[in-house]
Amino acid sequence: MILTIYLDAVWLLNFLLDWMILLLTQFITRSHPKRLRILFGAFMASLLVPLTVYFPDSPVSSFWGKGIYSLIIVWSAFGYSHFKEFRRHLLSFYFISFTLGGSLIGIHFLIGQQILASESGILTTQTGFGDQISWLFVAIGFPFVWIFTKTRMDKHAWEKLQIDQLFSVTIKWKGESFLTTGYMDSGNALVDPITRDPVVVCDVEFLENWFTTTELKALEAVQENLAFDSLPSSCIDAIRLVPYQGVSGNNSFMLVFRPDNIHLVYENKHITTNKVLVGIQFGSLAADGSYHCLLHQGLLKYSVASSA
């Protein structure tokens with residue numbers, strides 16, 4: 001059987017793959033090396049191809065040799081300032097390599113093909129059979145897997161950030177208490193211009209615990225038209241207006257009411273206060289329904305240490 005290796009194509013392909021792996025490693029570690037340094041690291045990594053082909057029995061082809069060589073790759077791309085940071089880069093480099101490599105193998109297995117790989121990585125071969133992995137498959141599949149992995153990491157990071165900012169909130173009004181999930185929004189700076197009390201915003205799905213559907217529709221019409229004479233009789237003494245500036249810069253007003261109190265636990269600290277206003281959001285705050293209340297960081301000043 002004749003085995004033909006297109007070394008130039010294999011080297012170029014591995015260089016591009018190594019470059020993309022190092023870029024993704026840079027992304028998840030939030031480091032900022034120079035672009036040329038990342039390219040140099042990819043070049044050092046791609047040298048494994050000619051080293052393995054021309055010197056198949058060299059120490060670099062062994063398990064320990066590759067381990068040591070990976071240290072050189074990471075040092076070439078990210079440098080060395082202290083051990084903890086270097087270890088973080090190294091482990092992230094391994095994680096990305098295994099994730100992307102495993103994804104490619106899984107896709108190739110899924111479409112019913114076999115994979116031929118050398119000890120140094122993926123090789124492009126021509127044997128007269130069509131069952132070996134081709135450089136074209138890798139060239140197309142790897143960027144797809146890379147984009148998919150980066151997108152999932154972005155989404156996971158955002159979801160984790162959101163989860164870290166979600167808290168159970170209990171609001172009491174008219175003698176009735178109801179529990180919901182609130183999101184601590186650093187962008188919520190809305191306060192009452194007179195009392196300087198912070199305003200938390202709740203959507204109608206949660207506020208239906210106190211208001212009827214008819215009352216909510218009437219309140220929405222009041223906010224749109226600023227027609228206070230249309231207020232439901234049950235809300236006349238409770239509802240007031242707070243001015244605010246929208247994202248687009250337009251000035252507007254929000255209907256608010258003062259609850260009996262609001263309670264939440266933030267970082268093992270109990271927060272209970274009535275020095276707060278609840279704004280009415282006519283719509284959903286979260287598309288997935290993960291929270292129904294936008295909290296205000298001004299609530300934190302009312303915190304009391306607790307072992308909760």
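The values are calculated or read from the model by the stated rules, or taken from the named source; none is laboratory data. Not measured: the values here are computed from a predicted model. Backbone-built Cβ (ideal geometry, glycine too); neighbour counts: all protein chains shown.
Yes/no matrix, rows are residues, columns are (1) in contact with an Asp or Glu (Cβ under 6 Å, 6 or more places away or on another chain); (2) modelled with pLDDT of 80 or more; (3) not aliphatic (A, V, I, L, M):
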{"residue": "Phe40", "(1), (2), (3)": "no, yes, yes"}
{"residue": "Val49", "(1), (2), (3)": "no, no, no"}
{"residue": "Pro56", "(1), (2), (3)": "no, no, yes"}
{"residue": "His82", "(1), (2), (3)": "no, yes, yes"}
{"residue": "Gly102", "(1), (2), (3)": "no, no, yes"}
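Report every pair of residues separated by at least 6 positions or lying on different chains whose Cβ atoms are under 7 Å apart, first residue within segment 260-277 and in contact (Cβ under 8 Å) with a residue 60 or more places away in the chain and acidic (Asp, Glu), second part of a strand (DSSP E or B) and surrounded by fewer than 17 Cβ atoms within 10 Å (Cβ to Cβ). As it stands, the answer is Asp260/Lys172, since those pairs meet every condition given. Before we move on, is Trp64 of a type in the set (Phe, Trp, Tyr), more than 24 Å from Leu23 (Cα to Cα) and at pLDDT 80 or above? Yes, satisfied.
The helices (runs of 4 or more DSSP H) falling completely within segment 1-94 that include 2 or more residues that are more than 29 Å from Thr151 (Cβ to Cβ) map to 7-29, 48-54, 63-78.
Quick check on this structure: which one of Lys34, Lys66 is of a type in the set (Lys, Arg) and surrounded by fewer than 15 Cβ atoms within 10 Å (Cβ to Cβ)?
Lys34
Here's the yes/no breakdown for (1) of a type in the set (D, E, K, R); (2) part of a loop (DSSP other than H, G, I, E, B); (3) free of Cβ contacts under 8 Å to residues at least 12 places away in the same chain:
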residue: Arg196; (1), (2), (3): yes, yes, yes
residue: Glu205; (1), (2), (3): yes, no, no
residue: Leu216; (1), (2), (3): no, no, no
residue: Val256; (1), (2), (3): no, no, no
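Let's see how each residue does on (1) closer than 24 Å to Gln165 by Cα; (2) in contact (Cβ under 8 Å) with a residue 40 or more places away in the chain; (3) out of contact with any Asp or Glu (no Cβ under 7 Å at 6 or more places or on another chain):
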{"residue": "Leu226", "(1), (2), (3)": "no, no, yes"}
{"residue": "Ser230", "(1), (2), (3)": "no, no, yes"}
{"residue": "Ile236", "(1), (2), (3)": "no, no, yes"}
{"residue": "Ile280", "(1), (2), (3)": "yes, yes, yes"}
{"residue": "Ala286", "(1), (2), (3)": "yes, yes, yes"}
{"residue": "His292", "(1), (2), (3)": "yes, yes, no"}
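Taking the conditions (1) surrounded by 13 or more Cβ atoms within 10 Å (Cβ to Cβ); (2) more than 24 Å from Ser177 (Cβ to Cβ); (3) in contact with a helix residue (DSSP H, G or I) (Cβ under 6 Å, 6 or more places away or on another chain) in turn, Phe253 satisfies each one other than (3).
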